[in-house]
1. Would you pull out the residues with amide H under 5 Å of Ala30's amide H, same chain only if 5 or more places away, H placed 1.01 Å from N?
2. Roughly how many nanometres apart are two label points built 7 Å out from the Cα toward the Cβ at Leu149 and Ile66?
3. Collect residues whose amide H, placed 1.01 Å from N in the peptide plane, falls under 5 Å from the amide H of Tyr90; neighbours closer than 5 in sequence don't count.
4. Excluding ligands, DNA and RNA, what is the solvent-accessible area per residue of region 29-156 at a probe of 1.4 Å, expressed in Å²?
5. Which of Lys18/Lys83; Lys50/Lys103; Lys51/Lys77; Lys52/Lys83; Lys7/Lys117 have a Cα-Cα distance over 25 Å?
6. Using θ = phi - 60° and the Karplus form 6.51 cos²θ - 1.76 cosθ + 1.60, what ³J(HN,Hα) does each residue of region 25-32 get, whole Hz, x for Gly and Pro?
7. Can you compute the label reach from Ser120? Point 7 Å from Cα along the Cβ direction, backbone N cut-off under 18 Å, restricted to region 143-161.
8. From the P(r) of the chain, could you give the percentage of C-alpha pairs in the tail past 24 Å?
Amino acid sequence: MAKGVKKIKVTQGKYYPKMSVPGQRVTIVAEQDVVFQVEEWLPNTSAEDKKKPVIWMRQTQDRKIILFQVPSTTGYKFYLLKKFCGSYHYYIEASFSGQRDFKNNVGLYVKGWCEPKIISSKWSYQKGGASIKNNKKAQHISYGHIVHLNLQTEGLNGNNL
């Protein structure tokens, strides 16, 4: 019989209950710590096993890439900057082995929410180049010129702009 983590939950920190689906998705407040802990264990998990550290994994939305992994006996603290908030979800999961469980949904999809806004913008002729302004007589932007737009945003991660 299997033993290990069956479900996780948020135990500390602020989140938006109306923007969340219990047991599946949680929307957290940006730039504040949220702590995840094991809510339920599989039936054959002994009391001794429950005291062992579990490996917490932060994965991409499609669950193909592990972005961060850390062992812990006290839970997993998650902090999300405003620039990473938006419609993009991260998948948080825990296991004894550090292996992902693709058969069962033992984790939670997590996203952050803050007021969506554009912090800064810059047009340039080259990617990462100096800003160009259309007020200089020698540097007009005309039809056919290749220009690059760089936007720094908050609350728009995963959204189309």
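The values are calculated or read from the model by the stated rules, or taken from the named source; none is laboratory data. Just so it is clear, the structure is predicted and the values come from calculations on it, not from any experiment. Neighbour counts are summed over all protein chains in view; Cβ atoms, including those assigned to glycine, are modelled from backbone coordinates with ideal geometry. Please note that ligands, DNA and RNA were not included when accessible areas were found on the heavy atoms of the full protein model with its side chains. Shrake-Rupley method; radii C 1.70, N 1.55, O 1.52, S 1.80 Å.
1. For Ala30, the qualifying residues are Trp113.
2. Output for this residue pair reads 3.9 nm.
3. Val110, Lys111
4. Values: 8200 Å² over 128 residues.
Averaged over the residues of region 29-156, the accessible area is 64 Å².
5. Lys52/Lys83; Lys7/Lys117
6. Result, rounded to whole Hz: 9, 9, 10, 9, 7, 5, 6, 9.
7. Those under the cut-off are 148-156.
8. Beyond 24 Å sits 47 percent of the P(r) for the chain.
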